[in-house]
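The values are calculated or read from the model by the stated rules, or taken from the named source; none is laboratory data. Source: prediction; values computed, not measured. For neighbour counting, all protein chains shown are included, and Cβ atoms are generated from backbone atoms with ideal geometry for every residue, glycine included.
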Amino acid sequence: MRTFTVHANASLPRAEDHVRLVKEGMARWAIVSPLIWFLYHRMWWEGAAYFGLSILIALAGAAVGFQENVTVLLGFGLQLIAALEANDLRRLALARKGYQTIAITHGSDEEEAEARFFANWSHALPQGSDHPVTSAVLDRSGSDLGTVGAGQATAYTKPKAPVWPKQSAQTEEQPQPAAPAEEVLGLFPKPPSLN
């Protein structure tokens, strides 16, 4: 399972731009070419900084008299640092554009994480949020994402219909009340009353 942070900006004109998911960890494609990765994600300042540092390493290596191997190793080191920090830089770029971090979700890929988020998000996208919501809270809403028992894996089925925006309360079928179950606190059942 991969972890994604969910960023929203409901004030943008296009609905496709309202929500962005950013993966935690290293950006694999940024190892190949950080400059192209930055430009693809419209991170102009970060791309310019990377390009400038690359030129600076090449010019400093030639001016100081480093061997070509040392200059190449410094360049690869810069690429590795850029790949490790690329997703965090993307979060900062989204924050500069007015996006707010509203949730953390999990999935085997971005599509599954997005489907999990929208399947459990029942109200309008907020304009801002100070406290991110973890996917553990989102996954406990009783949605049809599967249940996990001892030794079982979570079963995920792709939704057959669009999951966002959700239908209004008048058109949705009212769920049947579930049978009363013993309340569980964390991993342990509620202790019996001493009365």
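Restricting to region 27-39, give me the number of residues that are among the hydrophobic types (A, V, I, L, M, F, W, C) and surrounded by fewer than 15 Cβ atoms within 10 Å (Cβ to Cβ).
Result for region 27-39: 3.
When you check residue 51 against the structure, is it at pLDDT 90 or above, closer than 25 Å to residue 117 by Cα and out of contact with any Phe, Trp or Tyr (no Cβ under 6 Å at 6 or more places or on another chain), yes or no?
The answer is no for residue 51.
With within 24 Å of residue 112 (Cβ to Cβ) and surrounded by 14 or more Cβ atoms within 10 Å (Cβ to Cβ) as the only criterion, which of 15, 83, 93 stands out?
83
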